[in-house]
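Visitor: Could you have a look at this structure, given as structure tokens, before my questions?
Quick note: the coordinates plus some simple rules give every number you see, no bench work behind them. Only a predicted model underlies this, so the values are computations on that prediction, with no experimental measurement involved. Please note: Cβ atoms are built from the backbone with ideal geometry, for glycine as well, and neighbour counts cover all protein chains shown.
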Amino acid sequence: MGLELTVLGSAGSHTGVGRACSGYLVRHGDTNVLLDAGNGSTANLQRFVGFADLDAIVISHRHVDHCVDLVGAYYALKFGPDVGRRLPVYGAAEVDDALAGFMQRDTAREISDVYDLHTVAGGDTIEIGSMHVRIADAVHLTPAISVRIEVEGATLVYSGDTAGISELIELARGADLLLCEATWAGAREDYPPGIHLTGRDAARVAQEAGVGKLLLTHVIGSTDRGRLLTEAMEIFDGPVELAEDLEVHRVPG
């Protein structure tokens, strides 16, 4: 099996009709990595693999639409057939605090029984099975990261939530697939600064980084998806698609 990306949730900030929040399964051979675990995403995860089949989870930041399903996964792992295994979780600063906060009233449960939590930041690298993962800092309201996954000549870059165009261009240079947040359509000046990208922003990153394909995700429910796609296609001269829940994308090497 080559490098594959399965979209488990593509909605931004809140769930939509038939759309879970951010979650992506990245697979190569026997290696399975979950990128983000937003609302409802792990229900879709189980259509493809079980929780016990995951080698690691990478969480871009502490906002609930990217990490809240870690709570449900905790119980699935705690009481499932793979009892006793600690699953590595690599997250931006404050992810561990958020998870502890979700479970603070459940004093009989210990997060460390199930999760081996690691805080990561820009410049860090992780080896997960066959995957080499490079971390870059993102620009958001909380500490956040973007990731670059490389394996056998194939490269996938995931923006997470970010408003950092120059930082993302550097991380995404030459990537085969850029999975990029595009929360809003229209002009960046129409929205609060320092939070998210527009479709045009995502396309600019893809164009300047010279990526092979752009996949737009984290589209908030009020955004006109058709307009978003059109605006991105006006800037990026490669293939552009909107992420759809349950779709599988093969990343060419």
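Visitor: Which one of Ser159, Phe102, Ala185 is farthest out on the positive end of the charge dipole of the chain, using unit charges on Cβ (Lys, Arg +1; Asp, Glu -1) and the Cα centre as origin?
Guide: Result: Phe102, furthest along the dipole toward the positive end.
Visitor: Still on this structure, please answer the following. Mind checking which of Gly23, Gly164, Gly12 has the largest fluctuation in a GNM of the chain, springs on alpha carbons under 10 Å?
Guide: Gly164
Visitor: Taking the Cα centre of region 3-242 as origin and charging only Cβ (+1 Lys, Arg; -1 Asp, Glu), how large is the dipole, in debye to the nearest 20?
Guide: Charge dipole of region 3-242: 460 debye, to the nearest 20.
Visitor: I would also like to ask the following. Using the alpha-carbon centroid of each, what span in Å lies between region 188-222 and region 1-48?
Guide: 20
Visitor: Antiparallel versus total DSSP beta bridges in region 3-242: what percent is that, nearest 5? Don't skip to the answer; put the middle values down first.
Guide: On the way: 27 of 53 bridges.
Approximately 50 percent, going by the DSSP bridge assignments.
Visitor: Let me ask something else about it. Using the Cα gyration tensor of region 1-132, with a ≥ b ≥ c the square roots of its eigenvalues, what is the shape: rounded (a/c below 1.5), prolate (a/b larger than b/c) or oblate (neither)?
Guide: Here region 1-132 falls in the rounded category.
Visitor: Next question. Taking a ≥ b ≥ c as the square roots of the Cα gyration tensor eigenvalues, with a/c under 1.5 meaning rounded and otherwise prolate when a/b beats b/c, else oblate, which class fits region 85-179?
Guide: It comes out oblate by the Cα gyration axes.
Visitor: So which trypsin sites (Lys or Arg not before Pro) in region 25-75 end up in coil per DSSP with only 12 or fewer other C-beta atoms within 10 Å?
Guide: Details: sites: Arg27, Arg47, Arg62; in loops: Arg47, Arg62.
Hits after loop and neighbour filter: Arg47.
Visitor: Still on this model: Which percentage, to the nearest 5, of the DSSP beta bridges contained in region 36-154 is antiparallel?
Guide: Around 60 percent of the beta bridges assigned by DSSP in region 36-154 are antiparallel ones.
Visitor: Let me ask something else. Search the structure for amide H atoms under 5 Å from the amide H of Ser130, placed 1.01 Å from N in the peptide plane, and list their residues when 5 or more places away or on another chain.
Guide: Excluding prolines and chain starts, which carry no amide H, the hits are Thr31.
Visitor: Right, something else. Counting other C-beta atoms within 10 Å, which of Cys21, Cys180 has the fewest, and how do the rest follow?
Guide: Going from least to most buried by this count: Cys21, Cys180.
Visitor: Would you work out which of His196, Val17, Gly174 lies farthest towards the positive end of the dipole of the chain, given +1 charges on the beta-carbon of Lys and Arg and -1 on that of Asp and Glu, about the Cα centre?
Guide: In the chain, that residue is Val17.
Visitor: Test of the criteria: in region 1-56, which chymotrypsin sites (Phe, Trp or Tyr not before Pro) are in a DSSP loop and have at most 15 other Cβ atoms within 10 angstrom of their Cβ?
Guide: Those satisfying the criteria are Phe48.
Visitor: May I pose another question? Long-range amide H contacts for Ala144: which residues qualify at under 5 Å (H placed 1.01 Å from N, peptide plane, sequence gap of 5 or more or a different chain)?
Guide: Residues meeting the amide H criterion: Ala138.
Visitor: So, one more: Could you identify which residue out of Glu127, Glu167, Glu241 has the top mean-square fluctuation in a GNM of the chain using Cα springs shorter than 10 Å?
Guide: It is Glu127.
Visitor: Shifting gears a bit: With springs only between Cα atoms under 10 Å, which of Asp97, Asp116, Asp176 fluctuates most in a Gaussian network model of the chain?
Guide: Asp97
Visitor: Moving on to the next point. Whole-Hz Karplus ³J(HN,Hα) for region 21-28, in order, using 6.51 cos²θ - 1.76 cosθ + 1.60 and θ = phi - 60°, x for Gly and Pro?
Guide: 7, 3, x, 8, 9, 10, 10, 8
Visitor: So I have (i) -0.21, -0.34; (ii) -0.26, -0.43; (iii) -0.23, -0.39, and one of them is log10 I(q)/I(0) by the Debye sum over Cα atoms at q = 0.07, 0.09 Å⁻¹ calculated from this model. Which one is it?
Guide: Only one option fits the structure, namely (i).
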